[in-house]
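First up is the structure itself, then whatever we jot down about it.
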């Protein structure tokens, strides 16, 4: 597992990366906002080296998300699908789920309660 750093100011973001089966799991912690989103994008680039086909984004420890965070998720989804992979979001708290619903993104993402649920979806539906 690798971890990408923290950002400055009072708000921070951390991204841990691991690989399970044919998926890179990116566990996002903290404020998924503004300049901090660059850490997530670097983690996505680093995950490319794993050559895993799919991405699971664990958002269970995300405190907040803004338009920059949402744009990073949409960009990742577009890239993965172009390359024949899938993105599954998991661990969404009610506030994050509301943001996805309000922006109509809940209709384009696969969602699971947990990482294990996301792995089951990929195993049953995409492998």
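Residue exposure proxy: 27, 80, ordered by other Cβ atoms within 10 angstrom of their Cβ from fewest to most, comes out as 80, 27. Among 60, 116, a tally of other beta-carbon atoms within 10 Å of each Cβ gives an order, fewest to most, of 116, 60. Report the residues of region 90-127 in range of a label on residue 70: point 7 Å along Cα→C-beta, backbone N strictly under 20 Å from it. Output list for this probe position: 90-112. Each of residue 35 and residue 49 was given a label point 7 Å from its Cα along the Cα-to-Cβ line. The distance between the two points is 2.5 nm. At an R0 of 22 angstrom, the distance between the Cβ atoms of residue 79 and residue 104 translates into a FRET efficiency of 0.65.
Only helices enter this figure: runs of n ≥ 4 DSSP H residues, each worth -39500 (n - 2.57), summed and divided by the residues of the chain, yield -11500 deg cm²/dmol at 222 nm to the nearest 500. If you wrap the tightest convex hull around every Cα atom of region 74-127 and split its volume per residue, you get 71 Å³. Taking every DSSP beta bridge that has both residues in the chain, what percent is antiparallel when rounded to the nearest 5? Roughly 40 percent of the beta bridges in the chain run antiparallel, per DSSP.
Any read-out appearing in this document is the output of simple, stated calculations on the displayed coordinates, not a laboratory observation. This is a predicted model, so every value here is computed, not measured. We place every Cβ from the backbone using ideal geometry, glycine too, and count neighbours over all the protein chains shown.
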